[in-house]
Amino acid sequence: MEVEPDKIKKHITGLEVMERQHKQLHRRLRGLAEVLAAAEGGNGDPDALEGMPDQIDVLVDNIRVHFRAEEDVMSFHGYPQAETHRAAHGHFLEAVDKLLAQCGDCDLGGLRDVVDFLGGWLSTHVGKQDQMFKEFQESQAS
Ligand SMILES: [Fe+2]
Ligand SMILES: [Fe+2]
């Protein structure tokens, strides 16, 4: 099957952008987890800890941007599981909103709950549903 150059370009760009965004999200999460671990160990940076709710907001914004980009690429490729995947993103964002609303001015334990939830969900989602989409994309390009 012959694939038009534009489609190849979009395919490569979509894959690259998603992988780059996944790395950025994981890097941000690692940074938050390190601040928390230091605080839990009794030698944390009080300024970093105080700034953590804002950092979590930035991370969640980045996740929203990433989801939109990923959903655009799924639509472009006519991915058959796009609706299920989009719904998973939506349920996650609802759960995050609820968790953050409950947290308010989180104490250390509350921040740990939020960071663990974000990290756990993202790792599982990227490893399963995003991986399924990646494999679909790759099958389309070959
Ligand atoms: Fe996804
Ligand atoms: Fe993703």
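Starting from the Cα of Arg68, step 7 Å along the direction of its Cβ; do the same at Ala101; then give the gap between the two resulting points in nm.
Taking the simple label geometry, Arg68 and Ala101 are separated by 2.2 nm.
Given 0.36 nm per residue, what is the gain on full extension from Arg27 to Glu40 after removing their alpha carbon distance, in nm?
2.7 nm
Test of understanding: ordering Lys134, Lys98 by Cβ neighbours within 10 Å, fewest first, what list do you get?
So the ranking, lowest neighbour count to highest, is Lys98, Lys134.
Sort Leu36, Leu108, Leu99 so the one with the fewest other Cβ atoms within 10 Å of its own Cβ comes first.
Leu108, Leu99, Leu36
Out of Gly109, Ser75, Leu36, whose Cα points farthest toward the positive end of the dipole of segment 12-116 (charges: +1 Lys, Arg; -1 Asp, Glu; placed on Cβ)?
The Cα lying farthest towards the positive end belongs to Ser75.
What's the magnitude of the charge dipole for the chain around its Cα centre, counting Lys and Arg as +1 and Asp and Glu as -1 at the beta-carbon? Answer in Debye, nearest 20.
440 debye
Give or take rounding to whole Å, what are the principal axis extents of the alpha carbon atoms in the chain, in descending order?
Its Cα atoms span 60, 25, 20 Å along the three principal axes.
Mind pulling the angle between the C-alpha long axis of helix 108-125 and the longest principal axis of the chain? Nearest 10 degrees, somewhere in 0 to 90.
The two axes meet at around 10 degrees.
Helix 131-141 versus the longest principal axis of the chain: what is the Cα-based angle in degrees, 0 to 90, to the nearest 10?
Helix 131-141 sits roughly 20 degrees off the main axis of the chain.
How much length is gained if the chain between Asp54 and Leu15 is pulled fully straight, taking 0.36 nm per residue apart and subtracting their Cα-Cα distance, in nm to one decimal?
11.1 nm
Order these peptides, 87-96, 66-75, by their mean beta-carbon neighbour count within 10 angstrom, highest first.
Put in order of decreasing packing, that is 66-75, 87-96.
What spacing in nm lies between the two simple spin-label points modelled at Thr84 and Asp116, each 7 Å away from Cα in the Cβ direction?
According to this spin-label approximation, the distance is 2.9 nm.
A short reminder: the numbers here are calculations on the coordinates, not readings from a lab. Worth saying up front: this structure is predicted, and the values here are computed from it rather than measured. Backbone-built Cβ (ideal geometry, glycine too); neighbour counts: all protein chains shown.
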